[in-house]
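Below is one structure, written out as structure tokens; comments come after it.
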Amino acid sequence: MDKLIIEGGVKLKGEVTISGAKNAVLPIMAATLLTDDACIIKGVPELRDTNTMVKILRSLGKAVEFEKGVVSVSSLRNTSYIADYKLVSTMRASFCVLGPLLGRLKKAKVSLPGGCVIGVRPVDLHLKGIRALGAEITIDAGYVFARAKKLKGAHIYLGGVYGSSVLATDNVMMSAVLAEGKTFIEAAACEPEVVDLAEFLIKMGAKIKGHGTPVIEIEGVKSLHGATHTIIPDRIEAGTMILASLITKGDILIKNAYFKHLGALIDKIEESGANIVKSENSLHVRYKKTIKAVNITTLPYPGFPTDMQAQMMSLMSLAQGITVITEKIYPDRFMHVAELNRMGALIQREGPHAIVEGVSKLSGAPVMASDLRASACLVLAGLAAKGKTSISRLYHLERGYENIESKLEKLGARVWREKE
Ligand code: EPU
């Protein structure tokens with residue numbers, strides 16, 4: 001296993017290009033199960049998670065090539081309806097093969113993904129949605145088995161205790177596109193990644209309206225065909241780079257980034273006293289003056305993304321004043337607090353809140369990544385810290401940030417890998 005070593009204290013400067021969005025591409029790859037025709041997906045990041053999805057599609061009977069950011073999917077044999085535990089357990093997003101398999105084959109047997117370090121992560125909303133479409137569901141030996149003679153459109157309220165669900169909306173949408181009649185998903189997730197999936201499904205011949213709003217209307221069609229699609233830029237990678245510029249007092253031009261997907265983060269950054277110059281496809285972030293503490297509450301889109309909470313905590317650790325961070329999506333997503341404190345941060349956790357007292361400096365230390373976004377938070381802290389930080393369990397970072405070391409290196413960071 002590798003660990004990442006960062007020698008902090010360099011002001012990052014230059015240009016960086018953001019990769020395609022991990023959380024858009026995974027369900028879009030799953031959507032190729034809805035047809036036997038060939039599909040081409042462009043702008044696909046080379047990540048551990050995208051490679052896992054390639055393996056899952058292959059195990060289900062697809063021929064998949066993945067080269068230079070392009071995934072080409074065609075049919076090798078009849079699509080299998082069983083998604084195995086070994087693959088699904090390595091990545092939660094693989095549960096989104098349930099919707100397209102059920103839509104297409106009217107039966108699907110998919111391993112339950114289980115929880116993870118950021119929380120329990122149930123799948124009740126996924127099951128509620130497909131049940132409403134007429135599927136009969138049994139759970140046995142860790143697998144969900146869903147089957148239906150036919151799927152019928154329905155009015156489905158998909159709101160949960162923590163608001164809307166991204167992958168449940170994706171799953172229900174992918175089943176409903178081939179159901180008979182009209183489906184209305186109410187309290188649908190509005191995330192740009194859900195919109196990107198809907199756009200891909202529309203290219204495949206699906207009839208969808210209202211994506212990007214809390215009510216999605218789907219009129220079922222008999223079959224879907226192949227399509228070509230380019231994935232939207234990863235807003236979480238872009239957000240992480242915004243913070244990399246500010247935390248190192250740097251000056252970065254972030255290309256292939258949509259400011260319209262980053263409204264809540266940019267608002268908080270501006271409230272903290274920093275300035276971001278926005279163009280249609282790029283953002284220019286130059287540090288000018290001390291960052292002030294700002295309170296953050298994570299919420300479903302367009303609220304502040306939970307996937308930026310850990311990284312924002314790094315910046316707030318060095319801000320002037322006291323920040324209260326409230327996590328409303330995953331109330332236990334605070335594994336990074338103890339690691340930041342090892343680097344000299346002053347953070348106290350109180351249930352779903354973290355109280356961050358800004359300090360004047362962080363110091364490099366050996367730390368351990370617990371999940372993907374916690375790793376990014378530690379990278380940011382390491383870039384700003386005095387001295388050397390070594391981050392172990394690097395595989396978490398590899399799940400979601402394409403070429404992160406070379407991107408940071410090009411911006412001037414002193415960063416390299418070592419064997420554990
Ligand atoms: N929830 C339920 N029941 C369900 C599904 C979800 O109660 O059936 C709860 C969850 O426990 C959570 C909330 O609803 O409290 C929202 O979860 P959601 O279903 O939206 O999460 P997800 O779809 O499983 C995606 C991203 C996550 C991101 C969340 C929230 C993908 C592949 N994953 O997960 O990304 O944090 O939405 O925005 O799209 C990451 O990239 O690091 C990551 C964890």
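The values are calculated or read from the model by the stated rules, or taken from the named source; none is laboratory data. No experiment lies behind these values; they were computed from the predicted model shown. Glycine also receives a Cβ, built like all others from the backbone with ideal geometry; neighbour counts cover every protein chain displayed. Surface areas here come from the heavy atoms of the whole protein model, side chains and all, with no ligands, DNA or RNA. Shrake-Rupley method; radii C 1.70, N 1.55, O 1.52, S 1.80 Å.
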Just to be sure before I move on: is residue 215 loosely packed, with under 15 Cβ neighbours inside 10 Å and aliphatic (A, V, I, L, M) in the structure I sent?
yes
Flagged in the range 98-121 as in contact with a Lys or Arg (Cβ under 7 Å, 6 or more places away or on another chain), assigned to a strand (DSSP E or B) and more than 10 Å from the ligand (Cβ to nearest atom), in numbering order, are 107
Of those in the range 152-180 that are open to solvent by 40 Å² or more (accessible area, probe 1.4 Å) and over 21 Å from residue 119 (Cβ atoms), the residue farthest from the ligand (Cβ to nearest atom) is 180
Notebook entry, point to check: away from the ligand (no atom under 16 Å from the Cβ), over 25 Å from residue 352 (Cβ atoms), touching a helix residue (DSSP H, G or I) at 6+ places or on another chain (Cβ under 7 Å) and at pLDDT below 95 - does that describe any residue in the range 71-79?
Noted result: yes
The number of residues in the range 241-265 that are open to solvent by 10 Å² or more (accessible area, probe 1.4 Å) and either modelled with pLDDT under 95 or in a helix (DSSP H, G or I) (or both) is 6
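Looking at the range 60-72, which of its residues are crowded, with 16+ Cβ neighbours inside 10 Å and either among the basic types (Lys, Arg) or not in a strand (DSSP E or B) (or both)?
Those that are crowded, with 16+ Cβ neighbours inside 10 Å and either among the basic types (Lys, Arg) or not in a strand (DSSP E or B) (or both): 60, 62, 69.
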Checked 93, 108, 141 against criteria (farther than 20 Å from residue 29 by Cβ and of a type outside the set (Phe, Trp, Tyr)); the one match is 141
Considering residues that are part of a loop (DSSP other than H, G, I, E, B), open to solvent by less than 60 Å² (accessible area, probe 1.4 Å) and either more than 9 Å from the ligand (Cβ to nearest atom) or basic (Lys, Arg) (or both), the number found within the range 122-141 is 3
key: Test: residue 96 is within 29 Å of residue 404 (Cα to Cα) and more than 15 Å from the chain's Cα centre (by Cα)   = no
Log entry, pairs with first residue in the range 73-97 being in a strand (DSSP E or B), second being open to solvent by 40 Å² or more (accessible area, probe 1.4 Å), beta carbons closer than 6 Å, six or more apart or on different chains, reads 74/38; 75/36; 82/109
